[in-house]
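Contents: one structure, followed by commentary.
The values are calculated or read from the model by the stated rules, or taken from the named source; none is laboratory data. For clarity, every value in this text was computed on a predicted model and none was experimentally measured. Glycine also receives a Cβ, built like all others from the backbone with ideal geometry; neighbour counts cover every protein chain displayed. Calculation scope for accessible area: heavy atoms of the full protein, side chains included, ligands and nucleic acids excluded. Shrake-Rupley method; radii C 1.70, N 1.55, O 1.52, S 1.80 Å.
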Amino acid sequence: MNINYFNPFHVDIVYSMNFILVLSVLLETLAATGIGQMDRISQLPESTVHHILSFCNNTPAELVRMSVLSKSWFNLTASFPFLDFNIRYFRTRESFFKYVEYATSRFCHHNLTAHKFLLCTRIQESAELDVVNRCLELLLKNGVRELMISFTYSSLDFPKYRLPNMLLSVSVLESLTISGCDLPSSLMLDAINFTSLIQLKLFMVPLNDEVITYLVASCPLLQVLDIGICSGFKKVCVYGHQNLQELRITYDTPLERIYIEAPNLSSLRIEDEDEYYTGAPRMNLASCKNLTTVSYFGCLSPYLSFTDFVSSFPFVENLYLVINNYNCNTLKLSSPSLRTFMLHSMCGFEDIELSTPNLVFFSYPCGSYSTWRMAMHSTHLKASMQSYPNGYTSGLCFQKLRRLLDKQNGFKVLNLYINAFHSQTFTELEKLKAIELPPYELEHVELKLDAGEESSAHVAFVNAVLWCCRPRSLTLRSSVPFEEQSDVVEFTYKELLEQEDQGHTKIQIVSPSSSEAQKHLMDLKSLSMASPREGKTISFIKEEGTPF
């Protein structure tokens, strides 16, 4: 690297701490020996260096090591506006609180506004709260843009720390996260000056209905509101808020009502952790015409039907439901706007009736929430369905699936992540074949085989799937190489071919791990000769033409 041409403004590059330390030592060595003309880093604007350092993992130990390099680096670390204090980086509690007080006092001496102040610890003594209070009051005088305070306590009887009243006047505050603290005592008495606040997260903070409404109304630019396991409130009411976009509520005591007037609200997530299963709150969100994504984890109230519950979200496009107590005879859903629907409940396939003309992704029973997020942000080229049943799958499951496909009459792609059949259920296949239902036409089917099953169980699984549907292509996925399951591959090939006019259809066998010369294989003989030893994915594609 040519030092004379170092461009300090390429701050989009993530510089490692070691790189900066080495570069600093090199430059100062060159300057001291006369080889270099100056310490280039010392000539950079302080704000530029701070921005570069913000990409690093600035643990206290690293900052201390930096500060001893030179006087200029000492000053840089003193004025570094990212103050991150987590007790896990310290061997003793005493050294932690001493460092918090020292670093905060050293920074505040420069009369700068902090970009971030994060303090995470367990409180054991009242003297520790005195240190916290002194540091916060020093910091809040000059302002902070992002503030995160997270406390736990050594006993349930230990009084929670109450945030200073000065917090309410910090107009530059953009993000506020509070966990395990009490709000300022003057909250409902003094004016709140949160004119820049965009994100507010409250966890384990005592609240009441009026405080929530007043807080939100006092933050005109607020976009994200997260309320997590906060005691004392029974309602969440927001009136006429123009900027609120995301609302997340988690509660473990009964929540009676959610009333939101926020025309730009786009995402709502509700988690009911009440052990008494009181059910979903009554909701009025009719004015939220941009509310397109809804997630609900919990139970339904006895007085609230599934249809009534879903009708609370008339404009929803992405719906994720984990309903723990819903065991119904019929689940009916009608929504012209719904595009993604993931459901986890006790309802059976045959009980589901969907009137959703624009639905492009349906998962039942749904998998993890990470799967939901991937589905929600993906571009659906074909209407698809995924299934993640719990426990073992029986022939009855495929009967229900077949009837559901008929009801929906729109899915083109089917992904089944199902435990394969056990050998004792093979007799159910004959019962399936006795049912005179033609296979449902699909463009593609993907099957994930359970590695814990015998290959004979996988054969039975494929047999049941192909009774249910007739795909133009099919992909098998397994955690073990298909070299060990050649009978499954051979059976799948023959069954797919039997679904077609064998005089006018050929089947290509494709393995992603094959070499380019062997990418498209036409028959079982060539497959056995060229199949990769470690291949764990294999696809079968039907094409018009005379087979070899």
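Reported count of residues in segment 134-159, each being farther than 17 Å from Ala114 by Cβ and of a type in the set (A, V, I, L, M, F, W, C), is 3.
Yes/no per residue for (1) open to solvent by less than 70 Å² (accessible area, probe 1.4 Å); (2) over 16 Å from Gly395 (Cβ atoms); (3) outside any helix (DSSP H, G or I):
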{"residue": "Glu441", "(1), (2), (3)": "no, yes, yes"}
{"residue": "Leu466", "(1), (2), (3)": "yes, no, no"}
{"residue": "Ser473", "(1), (2), (3)": "yes, yes, yes"}
{"residue": "Leu476", "(1), (2), (3)": "yes, yes, yes"}
{"residue": "Val480", "(1), (2), (3)": "yes, yes, yes"}
{"residue": "Val489", "(1), (2), (3)": "yes, yes, no"}
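Those strands (runs of 3 or more DSSP E) of segment 220-326 in which 2 or more residues are more than 23 Å from Pro365 (Cβ to Cβ) and touching a helix residue (DSSP H, G or I) at 6+ places or on another chain (Cβ under 6 Å) occupy 235-238.
Every listed requirement among (1) of a type in the set (D, E, K, R); (2) open to solvent by less than 60 Å² (accessible area, probe 1.4 Å); (3) farther than 19 Å from Leu129 by Cα; (4) touching a Lys or Arg at 6+ places or on another chain (Cβ under 6 Å) is met by Lys201 save one, (4). The residues of segment 260-270 that are buried (at least 17 other Cβ atoms within 10 Å of the Cβ) and more than 15 Å from Thr293 (Cβ to Cβ) amount to a single one, Glu261.
Return a yes/no flag: does segment 500-507 have any residue that is surrounded by fewer than 17 Cβ atoms within 10 Å (Cβ to Cβ), at pLDDT below 85 and part of a helix (DSSP H, G or I). No. Looking across segment 182-194 at every residue that is without any contact (Cβ under 8 Å) to a residue 24 or more places away in the chain and touching a Lys or Arg at 6+ places or on another chain (Cβ under 9 Å), the one that is least open to solvent (accessible area, probe 1.4 Å) is identified as Pro184. Checking the structure you have, find out if any residue of segment 195-209 is in contact with a strand residue (DSSP E or B) (Cβ under 9 Å, 6 or more places away or on another chain) and of a type in the set (Gly, Ala, Ser). Within segment 195-209, one or more residues are in contact with a strand residue (DSSP E or B) (Cβ under 9 Å, 6 or more places away or on another chain) and of a type in the set (Gly, Ala, Ser). If you go through segment 125-138 and keep only what is closer than 16 Å to Phe85 by Cβ and out of contact with any strand residue (DSSP E or B) (no Cβ under 6 Å at 6 or more places or on another chain), you end up with Glu128, Asp130, Val131, Val132, Asn133, Arg134, Cys135, Leu136, Glu137, Leu138.
Restricting the first residue to segment 145-172 and requiring it to be over 18 Å from Phe203 (Cα atoms), which pairs with a second residue that is open to solvent by less than 60 Å² (accessible area, probe 1.4 Å) and in a strand (DSSP E or B) meet a Cβ separation below 8 Å and a spacing of at least six or different chains? Going by the 8 Å Cβ cut-off, the qualifying pairs are Arg145/Ala114; Arg145/Ser175; Val170/Val144; Val170/Leu147; Val172/Val144. Taking the criterion of being at pLDDT 95 or above, closer than 23 Å to Ile192 by Cα and not hydroxyl-bearing (Ser, Thr, Tyr), would at least one residue in segment 253-261 satisfy it? Checking segment 253-261: at least one residue is at pLDDT 95 or above, closer than 23 Å to Ile192 by Cα and not hydroxyl-bearing (Ser, Thr, Tyr).
For Leu207, the stated conditions hold: it is surrounded by 15 or more Cβ atoms within 10 Å (Cβ to Cβ) and either outside any loop (DSSP other than H, G, I, E, B) or not β-branched (Val, Ile, Thr) (or both). If we keep just the residues of segment 271-303 that are among the charged types (D, E, K, R) and modelled with pLDDT under 85, which is surrounded by the most Cβ atoms within 10 Å (Cβ to Cβ)? Among residues in segment 271-303 that are among the charged types (D, E, K, R) and modelled with pLDDT under 85, the one surrounded by the most Cβ atoms within 10 Å (Cβ to Cβ) is Asp274.
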